[in-house]
Amino acid sequence: MLIANKVYKRILEKKKILSSYRPLNKLQLNRLKQEFLVDYVYNSTAIEGNTLTLNETRLLLEEGITISGKSLREHLDATNQKQAIEWIEEFTKKNIREIDILMLHKLTLKGISDYWAGKYKTSQNRIIGSKLKTTPPYKVKSEMGNLVYLINKNPQKYNTIELAAFSHHELVRIHPFVDGNGRTARLISNLILINRGFPPVIIRNIDRKKYFDCLEKAHFGNLKPFADFIALRLEESLIRYLNSFVKTTKSNELLPLSVLAKETPYSQEYLSLLARKGTLPATKIDGVWHTSRDEIKKYMKAIKQP
C-alpha cells in the first residue's frame, strides 16, 4: 500500500463512523455541500491564477452577483467548476468512460474556449515549471483510453484513495488538453472518490507548491508522496463531515490549535507542524488549522507507548 498505514486506518475509521449516520440529514448535507462547493471552486480556480477571493466566489455562486473589476473568464471559470461538481454528484454509473472525462473538460472550458472544450490537443504543450515532457498529440487518444482502462479495471489493485491520486497525476502527465488539464484532473479524482462513497477533497491554493512538488514526483515514478497528500486532504474532508453530523461535545468540538495549545504541553507552532505532516488529524477552516481534544489525547497517548 502506498498510503501511510496509520493515515489509511484513520480514514477508514472516520468513513465507518460517517456511514453509521446514513441516511444523512438532507438539510445539513445540502448546507455542507454548498460550503464545500464554494471552498472547492475558489481553491481549484485560484491554483490556475483566478483572482476571485473566497467571498467573491461565494457571492457569485450563491447570489449570482457579478464582481466588479474581474474578467468574464474568471466568472465563467468559477461557474463552470460549480456545474462540473454538480454533474459529478449526479453521476451514478459504475465505470468511468472517456466521454465522461471529455464532458468534465467541456464543462470546464464552456464559454471560455468553446472550440477546445471537450477536445484533445493537436499540438505539443508543456507544464510550466516541470521537467516532464507531456504526451505527444498523436498518442493522446490511446493513452487516455489506457487511463480509462486502468481506472475501471484497476490492475494495480490500488485502494480508492490511491486510484484517485494515480488518475489525477496520470491525466496531468498526459496533459491531453490545450487548457484546463489541472481543473479536469482535480474533478476526475473527486469523481472517483465521490462515486465510491467518500466526500470530495479540496486542494488549497495555499498548498499549491507542495501539490505541484508531489505531482512532479509522481510524474517521475514516485506516486507515494502524492497519494499521501491526497489522503490527508481526504481526512480533512471527513473531519469536517463528521463535525457536521456527529453531536458536538466538549471532547470532539473542533477548535483552533491556538486554543488547544493552551491545554497541552505543546506550542501552537508545534501542533501546526504535526497537522501539516498528518501526524495529528486536523482540518483547515477559513485557513486556520482545527482539531479536537479527542485527537490531541490520542496523539499524546500514542507517543507515550513504547
Mean shadow area (nm²) of the C-alpha convex hull around the range 24-246 is 12.2 nm²
HN-Hα J couplings of the range 102-107 from phi, Karplus 6.51/-1.76/1.60, θ = phi - 60°, integer Hz, Gly and Pro as x? 5, 5, 4, 5, 4, 5
Set the bar at 30 Å for Cα to Cα. Now go through K209/K250; K15/K141; K119/K153; K70/K106 and name every pair that lies beyond it. K209/K250; K15/K141
If you place +1 on the Cβ of every Lys and Arg, -1 on the Cβ of every Asp and Glu, and leave all else neutral, what size is the dipole of the chain about its Cα centre, to the nearest 20 Debye? 1020 debye
If the viscosity is 0.692 mPa s and the temperature 37 °C, what translational diffusion coefficient in µm²/s does Stokes-Einstein give for the range 250-306 when Rh comes from Kirkwood over Cα pairs? 293 µm²/s
For L280, list long-range residues whose amide hydrogen, built 1.01 Å from N in the peptide plane, is under 5 Å from its own amide hydrogen. A275
What is the fewest-to-most order of K131, K141 by other Cβ atoms lying within 10 Å of their Cβ? K131, K141
For the range 1-145, rounded, prolate or oblate, judged on the Cα gyration tensor with a ≥ b ≥ c (square roots of eigenvalues), a/c < 1.5 rounded, else prolate if a/b > b/c? oblate
With contacts defined as alpha carbon pairs under 8 Å and 6 or more residues apart, what's the relative contact order of the chain in percent? 19 percent
Picking from V140, I239, A78, whose Cα lies most toward the positive end of the charge dipole for the range 24-246 (charges on Cβ: Lys, Arg +1; Asp, Glu -1)? V140
For K210, go through the aspartates and glutamates and keep the ones whose alpha-carbon is under 20 Å away, minus same-chain ones fewer than eight residues off. D39, E48, E162, E170, D228, E235, E236, E269, D286
For every helix of n ≥ 4 consecutive DSSP H residues, a contribution of -39,500 (n - 2.57) applies; sum these over the chain, divide by its total residues, and give [θ] at 222 nm rounded to the nearest 500 deg cm²/dmol. -19000 deg cm²/dmol
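Any read-out appearing in this document is the output of simple, stated calculations on the displayed coordinates, not a laboratory observation. Just so it is clear, the model here is predicted, and its values are computed rather than measured. Counting neighbours? That spans all protein chains shown, and the Cβs are built from the backbone with ideal geometry, glycine included.
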